[in-house]
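Everything on this sheet refers to the single structure shown next.
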Amino acid sequence: MQHDDRTRAPEPDKLIEGARINGRVYSDPAIFELEMARLFGHAWIVLGHESQIPTPGCYFLGRVGRVPVIVTRDDEGVIRVVENRCAHRGPAVCAKRTGKVRRFVCPYHAWTYELDGRLVSVPLREEYGDSFAWAERGLRALPRVTTYRGFIFASLAADGPELAEFLGEEVQAFDDFMDRAPDDALEAVEPPLRYRVRANWKTIFENLNDILHPMFAHASAMAAFAATEDKERLHPLMKLLAAAPGPQLMKTFKQLDARMTTWGHSFITGLVSLANKEYPRDAYFEALAARRGEGEARRILNTDMHVSLLYPSATINSRFQTLRLVRPLAHDLTEVQAHVYRLKGAPDDVYPLALEYNYTSGSPASPVIVDDLEIYERLQAEAGASMWMSAERGLGDLRPGTNETRHAPGTSEEYIRQQYEVWGRYLRDGAR
Ligand code: FES
Ligand SMILES: [Fe+2]
């Protein structure tokens with residue numbers, strides 16, 4: 001990729017010594033450039049769900065690494081992902097985050113593009129001469145675009161693993177998301193929740209499968225939840241946070257299973273169930289059972305994948321219908337955009353649980369995430385060549401897994417070590 005040529009060669013391998021990682025992985029702009037070219041330039045990046053663009057002409061904006069994109073549905077209903085950069089002088093063609101259009105018209109000199117990116121009209125066309133490469137001046141389509149159960153993925157690389165291989169067991173997060181919709185469809189909720197944090201994107205991925213930190217970093221929020229009189233009315237996740245922290249809880253956390261795939265994705269099973277009994281036979285259960293049978297409804301509603309990490313572009317909470325897109329903007333600036341979806345065919349009281357999950361654990365104004373943001377920014381402030389961070393917790397403590405998926409105790413930092421293994425692979429050669 002051309003970014004490589006402009007970059008002095010930072011040597012990523014020298015930044016990882018076993019389970020210790022040098023602070024330059026967060027603080028060095030040259031490392032960030034290399035990540036954009038080789039990691040975000042090759043991985044499958046999730047952009048959203050097709051329910052966000054229900055009919056032709058609907059679009060939303062996204063990012064694949066450095067590249068701003070328009071995700072749209074053309075007149076035939078085909079999903080297209082094209083660069084949001086005018087083929088004339090390069091500004092963004094679309095500025096509004098979502099919308100519905102017949103064509104894309106650049107605001108600068110009105111070059112006009114079809115929904116699939118083809119250039120269809122140029123004012124004063126004759127002035128561009130006979131050699132004007134009409135067919136080549138469209139909005140560039142990304143080389144690979146695909147969907148899985150309505151979720152839209154794109155890659156800047158023309159070759160690489162197929163999506164199924166890339167996802168591995170992480171596919172369960174998307175299955176769990178969709179299985180919960182009795183009508184097998186979602187409705188996008190607008191607008192998403194968005195915030196920026198002055199920290200490197202990796203700090204987020206290194207935190208969200210860390211189930212030990214809540215009892216320390218979120219102690220004040222936990223105390224507030226614990227002081228709630230009617231705990232049965234708490235959101236299922238907050239009910240867990242309301243449980244008294246202590247050595248017993250740490251032991252229980254250790255018994256949980258953390259799973260990591262070969263491409264750096266991970267999730268923890270069984271966490272939310274710790275404080276919540278078997279799912280009751282309520283109207284939602286009946287709605288799912290009517291479509292899929294009682295056994296399947298029970299299996300779906302008792303599935304417990306807590307915060308799945310889709311490395312390097314998103315975190316997913318399928319149980320509460322949340323997809324959080326993580327967008328690196330600079331080595332020390334990251335944007336998070338959280339989408340909540342309504343499950344089609346589910347009773348009205350299901351959707352508020354997803355919203356509440358977002359407000360209480362995903363909004364920068366929430367009593368929970370504010371602690372994480374503080375930690376990310378403190379970490380970023382200290383990051384540099386003289387800092388080595390340790391990801392040694394649970395080193396060597398693995399459980400029997402498979403070729404594709406490593407298993408570790410819930411409290412292990414193995415998922416961070418796995419992330420850096422994959423990170424090194426990408427940064428060395430684009431993981432080809
Ligand atoms: S820059 Fe877009 S039309 Fe000129
Ligand atoms: Fe946290």
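The values are calculated or read from the model by the stated rules, or taken from the named source; none is laboratory data. Source: prediction; values computed, not measured. No Cβ is skipped: glycine too gets one built from the backbone with ideal geometry, and neighbour counts run over all protein chains shown. The protein model used for the area step is the full one, side chains on, heavy atoms only, and it has no ligands, DNA or RNA in it. Shrake-Rupley method; radii C 1.70, N 1.55, O 1.52, S 1.80 Å.
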request  = With the condition kept exactly as written, say whether any residue in the stretch 284-301 is assigned to a loop (DSSP other than H, G, I, E, B) and touching a residue at least 24 places away in the same chain (Cβ under 8 Å).
outcome  = no
ask   = Would a scan of the stretch 392-405 turn up a residue that is more than 16 Å from ligand 1 (Cβ to nearest atom), buried (at least 16 other Cβ atoms within 10 Å of the Cβ), in contact (Cβ under 8 Å) with a residue 40 or more places away in the chain and hydrophobic (A, V, I, L, M, F, W, C)?
value = no
request  = Tell me the strands (runs of 3 or more DSSP E) entirely within the stretch 321-408 that contain at least 2 residues that are closer than 30 Å to Ala287 by Cβ and more than 16 Å from ligand 2 (Cβ to nearest atom).
outcome  = 322-330, 333-343
note = Restricting attention to the stretch 87-105, the residues that are touching a residue at least 24 places away in the same chain (Cβ under 8 Å) and near ligand 1 (Cβ under 6 Å from one of its atoms) number exactly 1
query = Out of the stretch 140-156, which residues are in contact with a Phe, Trp or Tyr (Cβ under 9 Å, 6 or more places away or on another chain) and open to solvent by 10 Å² or more (accessible area, probe 1.4 Å)?
reply = Arg144, Val145, Thr146, Thr147, Tyr148, Arg149, Leu156
note = Of the conditions (1) under 30 Å from Leu39 (Cβ atoms); (2) free of Cβ contacts under 8 Å to residues at least 12 places away in the same chain, the single one that Pro214 does not satisfy is (2)
inquiry  = Please count how many residues of the stretch 187-210 are farther than 14 Å from Ile375 by Cβ and open to solvent by 10 Å² or more (accessible area, probe 1.4 Å).
reply    = 10
ask   = Does the stretch 87-97 contain at least one residue that is touching a helix residue (DSSP H, G or I) at 6+ places or on another chain (Cβ under 9 Å) and under 10 Å from Leu115 (Cα atoms)?
value = no
task = Consider Glu83 carefully, then state whether it is acidic (Asp, Glu) and within 20 Å of Leu325 (Cα to Cα).
result = yes
inquiry  = Of the conditions (1) touching a residue at least 40 places away in the same chain (Cβ under 8 Å); (2) away from ligand 1 (no atom under 15 Å from the Cβ), Ala135 satisfies every one except a single condition; which number is it?
reply    = (1)
request  = Have a look at Asp183, Asp179 and point out the one that is at pLDDT 95 or above, open to solvent by 30 Å² or more (accessible area, probe 1.4 Å) and more than 18 Å from the chain's Cα centre (by Cα).
outcome  = Asp183
request  = Take Gly41 and decide whether it is of a type in the set (Gly, Ala, Ser), assigned to a strand (DSSP E or B) and in contact (Cβ under 8 Å) with a residue 40 or more places away in the chain.
outcome  = no
ask   = Taking the stretch 409-432 on its own, how many of its residues are part of a loop (DSSP other than H, G, I, E, B) and open to solvent by 10 Å² or more (accessible area, probe 1.4 Å)?
value = 4
query = In the stretch 15-33, is there at least one residue being aromatic (Phe, Trp, Tyr), in contact with a Pro (Cβ under 8 Å, 6 or more places away or on another chain), open to solvent by less than 20 Å² (accessible area, probe 1.4 Å) and in contact (Cβ under 8 Å) with a residue 60 or more places away in the chain?
reply = yes
task = Looking only at the stretch 159-176, count how many residues are open to solvent by 20 Å² or more (accessible area, probe 1.4 Å) and closer than 21 Å to Tyr279 by Cβ.
result = 2
message = I need a count of the residues in the stretch 301-325 that are within 13 Å of Gly264 (Cβ to Cβ) and open to solvent by 10 Å² or more (accessible area, probe 1.4 Å).
response = 0
key: helices (runs of 4 or more DSSP H) contained entirely in the stretch 160-273, each with at least 2 residues that are of a type in the set (Gly, Ala, Ser) and within 16 Å of ligand 2 (Cβ to nearest atom)   = 219-226
message = Among the listed residues Tyr108, Tyr148, Tyr113, Tyr128, identify the single one that is closer than 30 Å to Phe285 by Cβ, of a type in the set (Ser, Thr, Tyr) and more than 16 Å from ligand 2 (Cβ to nearest atom).
response = Tyr148
message = With the structure loaded, tell me whether Thr55 is at pLDDT 95 or above and either closer than 29 Å to Ala338 by Cα or not in a strand (DSSP E or B) (or both) or whether it fails that test.
response = yes
task = Scan the stretch 72-105 residue by residue and report those that are basic (Lys, Arg) and surrounded by fewer than 16 Cβ atoms within 10 Å (Cβ to Cβ).
result = Arg89, Lys96, Arg97, Lys100, Arg102, Arg103
note = Screening Tyr108, Tyr128, Tyr113 for residues that are crowded, with 19+ Cβ neighbours inside 10 Å and either within 11 Å of ligand 1 (Cβ to nearest atom) or free of Cβ contacts under 8 Å to residues at least 24 places away in the same chain (or both) leaves only Tyr113
Subset of the stretch 382-403 (residues that are charged (D, E, K, R) and over 18 Å from Gln419 (Cβ atoms)) = Glu382, Arg399
